[in-house]
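*Asks:* Below you'll find the structure I mean.
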């Protein structure tokens, strides 16, 4: 089979999974940026310095291990990509950290109480332009974003010509709910206090931010692939927040963002780290067969399947801890259980969140082999 036909076969299979239709085999996709770099002998300093590094190493891993494609393609300097999502400083290997250590988001109060008023007065986009120099060197950030703008199409074509499907290929570029950026900028402890001490102001700021984000969804260029994007959530997880706060500051904004993406023809991939089990029933409020849950191994998948398995697909969720510290037998057993749980519908196998830097190669191999062994219908 040539790569064009192979790509189309894999593409059709993933589209069927999203629509909860039966497939001949469960798709298996890669998510493992730092693992790929280290596996092929690249230091984290080199990986974070070279814009093309993650494309090269991720694509090589995808091919060498026999994945059908990738959750995200890679490409661009990851430290620059993380900064606008977290609104935090990111420690860079070789500059702030030892050359072969992992990059680190630095927990600190950078955004101030007064910045809330600035956002309410000027809007978030204008505020962000003035804020970013506090957390990143703009001589790093601007060229990184320009490189990505010029190279995104090339990145996607590299995967496609090799027969690989990128799941999250949308121009929506991983939008997040306001909670996550504000929590990163203020720091977790300060922001959680804000939710109690000045809740009305925080909500007003969030409303400004989500309005601007939703407005951009109507301007998206249509994608030619799966046309999906991450809707990230990590500090807004159910396990970290009281229900009354979650109901006010998290869920309404997820709903607005998901609705806007679907209206724009984009598949929301709910990339949810941490444990969201408490509120899985709320997923019934989202349109059926239009979204994918992408958890990290901590959310209860048995509960998910019982509550909304007839409405939503799942991409995941082999835990990072298992890939790093488990055995091939552990991975084989976990994959078998996931395939049996989903009964041939609504499952894309993938490392939970991101395969960690110290993933054992034999465990990554076991993930793919088990997917083929148990996932063929």
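*Asks:* Answer with yes or no whether residue 190 is over 15 Å from residue 58 (Cβ atoms), in contact with a helix residue (DSSP H, G or I) (Cβ under 6 Å, 6 or more places away or on another chain) and surrounded by fewer than 21 Cβ atoms within 10 Å (Cβ to Cβ).
*Replies:* Against the criterion (over 15 Å from residue 58 (Cβ atoms), in contact with a helix residue (DSSP H, G or I) (Cβ under 6 Å, 6 or more places away or on another chain) and surrounded by fewer than 21 Cβ atoms within 10 Å (Cβ to Cβ)), residue 190 does not qualify.
*Asks:* Working only within the stretch 43-67, note down all residues that are surrounded by fewer than 19 Cβ atoms within 10 Å (Cβ to Cβ), over 21 Å from residue 143 (Cα atoms) and in contact (Cβ under 8 Å) with a residue 12 or more places away in the chain.
*Replies:* Matches in the stretch 43-67: 43, 60, 63, 65, 66.
*Asks:* Among the numbered criteria (1) at pLDDT below 95; (2) more than 26 Å from residue 30 (Cα to Cα); (3) surrounded by 13 or more Cβ atoms within 10 Å (Cβ to Cβ), which one does residue 152 miss?
*Replies:* Of everything listed in (1) at pLDDT below 95; (2) more than 26 Å from residue 30 (Cα to Cα); (3) surrounded by 13 or more Cβ atoms within 10 Å (Cβ to Cβ), residue 152 misses just condition (2).
*Asks:* Quick check: is even one residue across the stretch 157-172 more than 24 Å from residue 70 (Cα to Cα) and either in contact (Cβ under 8 Å) with a residue 12 or more places away in the chain or more than 22 Å from the chain's Cα centre (by Cα) (or both)?
*Replies:* There is no residue in the stretch 157-172 that is more than 24 Å from residue 70 (Cα to Cα) and either in contact (Cβ under 8 Å) with a residue 12 or more places away in the chain or more than 22 Å from the chain's Cα centre (by Cα) (or both).
*Asks:* Related question: Would the stretch 15-27 turn up any residue that is touching a strand residue (DSSP E or B) at 6+ places or on another chain (Cβ under 6 Å), at pLDDT 95 or above and within 20 Å of residue 273 (Cβ to Cβ)?
*Replies:* No, every residue in the stretch 15-27 fails to be touching a strand residue (DSSP E or B) at 6+ places or on another chain (Cβ under 6 Å), at pLDDT 95 or above and within 20 Å of residue 273 (Cβ to Cβ).
*Asks:* Continuing with the same structure: Tell me, which residue of the stretch 58-79 that is more than 21 Å from residue 317 (Cα to Cα) and modelled with pLDDT under 95 is nearest to the chain's Cα centre (by Cα)?
*Replies:* Across the stretch 58-79, the extreme among qualifying residues is 78.
*Asks:* Just one of 5, 73, 53 is on the phi < 0 side of the Ramachandran plot and in contact with a strand residue (DSSP E or B) (Cβ under 8 Å, 6 or more places away or on another chain); which is it?
*Replies:* Exactly one of 5, 73, 53 is on the phi < 0 side of the Ramachandran plot and in contact with a strand residue (DSSP E or B) (Cβ under 8 Å, 6 or more places away or on another chain), namely 73.
*Asks:* Taking the stretch 237-268 on its own, how many of its residues are in contact with a strand residue (DSSP E or B) (Cβ under 6 Å, 6 or more places away or on another chain) and in a helix (DSSP H, G or I)?
*Replies:* 2
*Asks:* Determine, yes or no, whether residue 371 is in contact with a helix residue (DSSP H, G or I) (Cβ under 8 Å, 6 or more places away or on another chain), in contact (Cβ under 8 Å) with a residue 12 or more places away in the chain and over 18 Å from residue 22 (Cα atoms).
*Replies:* Answer is no for this residue.
*Asks:* Among the residues of the stretch 197-206, count how many are touching a helix residue (DSSP H, G or I) at 6+ places or on another chain (Cβ under 8 Å) and either surrounded by fewer than 21 Cβ atoms within 10 Å (Cβ to Cβ) or closer than 24 Å to residue 283 by Cβ (or both).
*Replies:* 6
*Asks:* Just to verify a result, which residue in the stretch 226-257, among those that are over 21 Å from residue 86 (Cα atoms) and surrounded by fewer than 19 Cβ atoms within 10 Å (Cβ to Cβ), is farthest from the chain's Cα centre (by Cα)?
*Replies:* Within the stretch 226-257, the match that is farthest from the chain's Cα centre (by Cα) is 244.
The values are calculated or read from the model by the stated rules, or taken from the named source; none is laboratory data. These numbers were taken from a predicted model, which means no experiment stands behind them. Glycine gets a Cβ as well: all are built from the backbone with ideal geometry, and neighbour counts include every protein chain shown.
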